[in-house]
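Take a look at this one; I'll ask things after.
The values are calculated or read from the model by the stated rules, or taken from the named source; none is laboratory data. Keep in mind that this is a model prediction, so the values were computed, not measured. Because the Cβ atoms are built from the backbone with ideal geometry, glycine has one as well, and the counts that use them run over all protein chains shown.
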Amino acid sequence: MIEIKGQGTFTDAAEFFSDIFSTQYWPARWNCGKWTDFHGWLYIISDLMIWAAYFAIPFLLFRLITKRTDFPFPKIFWLFIAFILLCGATHLMDAVIFWWPAYRLSALLRFVTGTVSLFTVYALYKILPMVLNLRTAAQVEEEAEHRRRAEKQFSNVFAFSAVGMALVSPEGKFISVNPALSNFLGYSEQEMQNLTFQDITYIDDLDVDLQYVREMLDGKIVSYQLEKRYIKKDGSLWWGLLACSLMKDHEGKPDFFIAQIADLNNSKKLKDALEVMKRKDEFLSIAAHELKTPITSVKGALQILDVQLSKSDQEKGTKPLISIANKQVKKLTWLVNDLLDVARIQSGRLALSISTFKIEELVNEAMEQVFHERKDKNIVYQGEQSIEVEGDKLRLEQVLVNLLSNAIKYSPAKTDIIIKAERMEGQIRVSVIDFGIGIASEKIPHLFERYFRVESTSQNFSGLGIGLYISAEIVRMHKGSIGAESRLGEGSTFYFSIPTRSQDERT
Ligand code: ADP
């Protein structure tokens, strides 16, 4: 038995390290105890197998972490490599000791292995909560599926949206545009990608747009909306409502703008048309007021002239001229009154004066009024007798006169005009039927609009396009309805219905 005398820890340790490879005091393991060949080699081969495996695993791990640099927690892998290598080395040492009893080296190796093992355990313990929070492969796949679906939905929205959409670089270059936008502006999607938003923004709108973009890049605002004009490929202007927001990358730097652009052109056109209509109304109202006084004095002068001429002998030659002048003044008066009525309707000042009367009276008076206009046409009345109605007789007469004048005006050939009056479930319906030029079906819904005239015929017939508008308003105030049926080239029927009994409220 070999005896090693202890000489104090420090001296022991110094001696241990100075002679770390010493085998002096220990026999080879073959010589220690009673080994049979089978037992010894079983021990040695098993140790070598463990060592071989423990040596190979770190290589595989090394390959793994050098190839997949995206792996989380790479440092723990290095610890695993060291720990497994060292464990392997202790098994190799155990096998070698059968011939080379370097027990000091073996002890040191075990100590280093133990230390690295404990350190690995500690490191593993530290990162365990984070590892547990890592997404599983199923979760990652699910997320990827979600993302794929969201991307597909986005690309569908992008492709099929009726709203123009674009992704724009922070410098203003179009990264991608959807078909709607390229359609609106007349550029192909490819052509748009060679443009910046500055290139196609109308100069008057560019400053305000750039100001918003600067504020967004500076982080002062997160999005903005702007009604602006774009320059189309053909050079014309296109109104769009732009809603723009900025996307940032993972470092918080501006990545790209998302622009959504709605087509404002129809509403802009509508606004412009309403504005033009308003100005037209104002102008015509002023003109009508201005014309009233001169017409009244011309009328008065003609009356005086008529009386004076009756007393002189020049009466014969000039009387017809005065009659023509009077007729024209009457027409002018109608015109001015119609224009004043439009102004009254616009300002809600058109009032009714209600009375009860028979419909024949209304028809007779209207026929009388158009007597001179009708020329060689027959106006035939096919009405029920003694139908009483309540309403504003003069205003309803105005409606009927307008329908009759139109029937005469728009029937150039010698054809009859029929007036029908019939009772219908508490209503009286008056129709004026002509066999004139007729109206195309697509125009019929517009007939009662202010200033509407059928373009194809408007050059051949004088008129302002306000008679039917006023008529419709008067009928509406009687709580009635007005309408037209017509066939191009065959004639038209215009009708209005009003309640025969008094209504509580009239607007
Ligand atoms: P206008 O002074 O132009 O006749 P109206 O408001 O009375 O104005 O009529 C509007 C338009 O409707 C006319 O310009 C004409 O084109 C069409 N219209 C009205 N009545 C008839 C009709 N009996 N036959 C054919 N077209 C008609």
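Identify all residues within region 367-404 that are under 12 Å from Val430 (Cα atoms), crowded, with 19+ Cβ neighbours inside 10 Å and touching a Ser or Thr at 6+ places or on another chain (Cβ under 9 Å); write none if there are none.
Val389, Val399, Leu400, Leu403
I need every pair where a residue in region 445-462 that is more than 26 Å from Arg476 (Cα to Cα) has its Cβ under 7 Å from the Cβ of a residue that is in a helix (DSSP H, G or I) and within 7 Å of the ligand (Cβ to nearest atom), sequence separation at least 6 or different chains.
Pairs found: Phe461/Lys409.
Kindly establish whether Tyr54 is of a type in the set (Phe, Trp, Tyr) and either surrounded by 18 or more Cβ atoms within 10 Å (Cβ to Cβ) or under 19 Å from Trp41 (Cα atoms) (or both).
So Tyr54 passes the test.
Take the residues of region 405-420 that are surrounded by fewer than 20 Cβ atoms within 10 Å (Cβ to Cβ) and closer than 16 Å to Glu360 by Cα: which is farthest from the ligand (Cβ to nearest atom)?
Filtering region 405-420 for residues that are surrounded by fewer than 20 Cβ atoms within 10 Å (Cβ to Cβ) and closer than 16 Å to Glu360 by Cα, the one farthest from the ligand (Cβ to nearest atom) comes out as Lys420.
Restricted to region 122-166, and to residues that are β-branched (Val, Ile, Thr) and within 30 Å of Ala259 (Cα to Cα), which residue is surrounded by the fewest Cβ atoms within 10 Å (Cβ to Cβ)? Steps first, please.
Step one: filter region 122-166 for residues β-branched (Val, Ile, Thr), giving 127, 131, 136, 140, 157, 163.
This time we only want the ones that are within 30 Å of Ala259 (Cα to Cα), so: 157, 163.
On the way: Val157: 12, Val163: 16.
Selected residue: Val157.
What pairs come out if I take residues in region 380-407 that are over 19 Å from Leu447 (Cβ atoms) and pair them with residues that are among the polar types (S, T, N, Q) whose C-beta lies under 7 Å away, six or more apart or interchain?
Ile387/Thr500; Glu388/Thr356; Glu388/Thr500; Val389/Thr500; Glu390/Thr356; Glu390/Ser502; Asp392/Ser353; Lys393/Ser355
Among all residue pairs at least 6 apart or on different chains, which show Cβ distances below 8 Å where the first residue, located in region 292-308, is in a helix (DSSP H, G or I) and the second is surrounded by 13 or more Cβ atoms within 10 Å (Cβ to Cβ) and of a type in the set (Ser, Thr, Tyr)?
Correct list of pairs: Ile295/Thr333; Lys299/Thr333.
Can you name the residue in region 421-434 that is without any contact (Cβ under 8 Å) to a residue 60 or more places away in the chain and surrounded by fewer than 18 Cβ atoms within 10 Å (Cβ to Cβ) and is also nearest to the ligand (Cβ to nearest atom) among such residues? If you could, list the steps in order and put the result at the bottom.
Of all residues in region 421-434, those without any contact (Cβ under 8 Å) to a residue 60 or more places away in the chain come to 422, 425, 434.
This time we only want the ones that are surrounded by fewer than 18 Cβ atoms within 10 Å (Cβ to Cβ), so: 422, 425.
Working: Glu422: 19, Glu425: 26 Å.
Once the filter is applied, the top-ranked residue is Glu422.
Considering only region 449-489, state which residues are among the β-branched types (Val, Ile, Thr), part of a helix (DSSP H, G or I) and within 7 Å of the ligand (Cβ to nearest atom).
Within region 449-489, just Thr457 meets the criteria.
Still on this structure: Which condition breaks for Phe174 when tested against (1) hydrophobic (A, V, I, L, M, F, W, C); (2) under 23 Å from the mean Cα position of the chain (by Cα); (3) modelled with pLDDT of 95 or more; (4) outside any strand (DSSP E or B)?
(4)
I would also like to ask the following. Filter region 331-361 down to residues that are closer than 19 Å to Asp281 by Cα and in a helix (DSSP H, G or I), then give me how many there are.
Residues in region 331-361 being closer than 19 Å to Asp281 by Cα and in a helix (DSSP H, G or I): 16 in total.
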